[in-house]
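The values are calculated or read from the model by the stated rules, or taken from the named source; none is laboratory data. Since we're looking at a predicted model, the values are computed, not measured. These area figures cover heavy atoms from the full protein model, side chains too; ligands, DNA and RNA do not enter into them. Shrake-Rupley method; radii C 1.70, N 1.55, O 1.52, S 1.80 Å.
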Amino acid sequence: MTRQTLILVFAFLLTASFDSQQKDELYLNYVAAINSESSFQYFLVVKVKNLNNGLTREYCTTGNFLKGALHREYNLGYDNKGIEKAHSLALDSKDRYFEFKNDSAIWNIGGVWEYTMAELAQLEKKVNFDSLAIQIKKTGKWKKEIFDDKTMSMYAHALFNKGVLTGENNCWGGTLQYVDRNKE
């Protein structure tokens, strides 16, 4: 093997390892959001295919809204059995991918904070989320007052994809803040 080939193999392995670690980190943040049962809800990002029009896109939502969408899509009750089934369906999707035909399920996920992927990309051009994510992970603290739900959701979306878990208190909204899933 030539030196150049060794370098390429090493670079590939390093990239594959980083990608795997990033996916694991995103899934652990996703699980924390699904398991959150308080009025302080964690944001998560899922990929949803709308079976009515064939479009697939990412949505930022909260764990309780995703579980509500699963209740709607699968016509699950809110008894213990239905609640456990929705929770299980959410956790079983390690790739965070869902397909929905029920319009109310799709609305439950993204209708509240509707924004386009182009709007998210525009915000990502204005805010250096790579740098912000590094700063948040380094300091372990961060919060930002954002009184516009659409903007808050886009911030949470971009940060989630960078491995940063955020949440908002549903009772005292307006502040998006970093969540360390390993601390209460």
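What the table below lists for this structure:
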read-out	value
Placed amide H near Thr166: partners under 5 Å, 5+ positions off or other chain	Phe43, Val179
25 Å Cα-Cα threshold exceeded, pairs from Lys101/Lys183; Lys137/Lys183; Lys49/Lys138	Lys101/Lys183; Lys49/Lys138
Share of carbon and sulfur in the accessible heavy-atom surface of segment 84-184 [1.4 Å probe, %]	48
